Each structure stands twice: as structure tokens, then as C-alpha cells.
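Structure first, commentary second.
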Amino acid sequence: MNTNSKILTVVAIVVALGIGALIGSMIGMNKTDSTQMSSETNQSADSAAAKLRVDLNNLLREHVSSSLTVTRSIADGASEDKLAGAKAAQTANAVAIATAVGSIYGQDAITPPFVEHITQSNNYAMAVKEGNMAKQESSLAALRVELRKVADIFNSVIPSVSSDSLYEALSAHEDLLNQAAVEYQNGNFQKAY
């Protein structure tokens, strides 16, 4: 692994842990007051929430890593097979994240917009590779729509978390990855990481 890849991996891990911490704190804020629950039930809820936080931290770290692998594969002109394999791993991870969230909240509504945000992010990276500004703008606009859907879904199951705040956090995450795609494509590896 070259130095640029190592730096990118560290940045990816930091971003994933930050998003994981945000989601984990959202879950913690949604818990019922312990005075209303028996000690045994409360411990069970804490265990389920703790397990979800750990699982999400791992899955989100993998999410950023797999997204960066796809972005680098696009920028480097990887073979169709290599790119298809990277995208398949990225999509499987997106479904795993949606499944983890759905396991607690009993809903699978997050899967379509979460997977679609991956598609639009990849479309953006391809547009950067092609130098197609119109496609970059349309991919970014479609990506923002999907991020808004994800934020709204989280807000519907965790009302104490502002949809706007989550949307801003998700947008900042995507902006960082999109900027890395531009810098990587332009050969500005220090700025990309």
C-alpha cells in the first residue's frame, strides 16, 4: 500500500467513526427513561443499542473504505470486472448498514435511498473522470435528494434528532469524498487525503 493510500485509509476511518458516533449518539438519545423500565429490560436495551453502535461503526468504516476503493478504481481506469467487484462490495455494505438500522427500528425504508446515494456518488466520480460538469451537477443534485431522504427517515424514527442536522452531517461526509475524487483525479494526492 503506497503512502497516498495509507493516508486516504486513515481519513476514511476518521470520517466513518465520526458518522458512527453521530448515529450512535442519536440512538442513545432515543432511549426511554430508565425509571420507566425494569433494570433487566434496560440492560437488554443498552446491550442492543451498544451492539448496534459497534456494528455501525464497523460498517460505516467499511462504507467509506469501499466508497474510496470505487472512486480510486474509477479514477485509475480499472477494468470493468475490478470496478464491478468494488461496486458489488460497496452495495453489499450499504445493504448491511440499512439492515442493521432496520433491525432496531423494524423498517427497511432506508435501504433504497441509502443504496441510491451510493449510485449517485459513483456517478459523480465517473463524471469527474470524464470531466463532465453537467453530469457532476446532476449527480450531486440527485445525491442531495437521497441524503435528504436518509436524514428524514432517521428523524422519523428518532424524532429528537434534527433531520437538518443529520442532512448537514451526511452532506459534509459526501462533500469530503467528492472533493477527494476531484483531487485524486487531478493528481493532487496530498489534497485528496
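Which of the three applies to the range 75-169, rounded, prolate or oblate, going by the alpha-carbon gyration tensor with a ≥ b ≥ c and a/c under 1.5 meaning rounded? Oblate, since a/c reaches 1.5 and b/c is not below a/b. For S156 and T99, a Förster radius of 22 Å and the Cβ-Cβ distance give a FRET efficiency of 0.80, rounded to the nearest 0.05.
For the range 123-137, 3J(HN,Hα) computed residue by residue from phi via the Karplus equation (6.51, -1.76, 1.60; θ = phi - 60°) reads 4, 4, 4, 5, 5, 4, 4, 7, x, 9, 5, 5, 5, 4, 5 Hz, glycine and proline entered as x. Taking square-rooted eigenvalues a ≥ b ≥ c of the alpha carbon gyration tensor, is the range 35-193 rounded, prolate or oblate, where a/c under 1.5 means rounded and, failing that, a/b exceeding b/c means prolate? Prolate is the answer for the range 35-193, as a/c is 1.5 or above and a/b outweighs b/c. A Förster distance of 41 Å, applied to the separation of the beta-carbon atoms of K82 and R144, puts the FRET efficiency at 0.90.
Here, each number is a calculation from the coordinates, and none is a lab measurement. It should be emphasised that the depicted structure is a prediction, and the values quoted were computed from it without experimental measurement. Backbone-built Cβ (ideal geometry, glycine too); neighbour counts: all protein chains shown.
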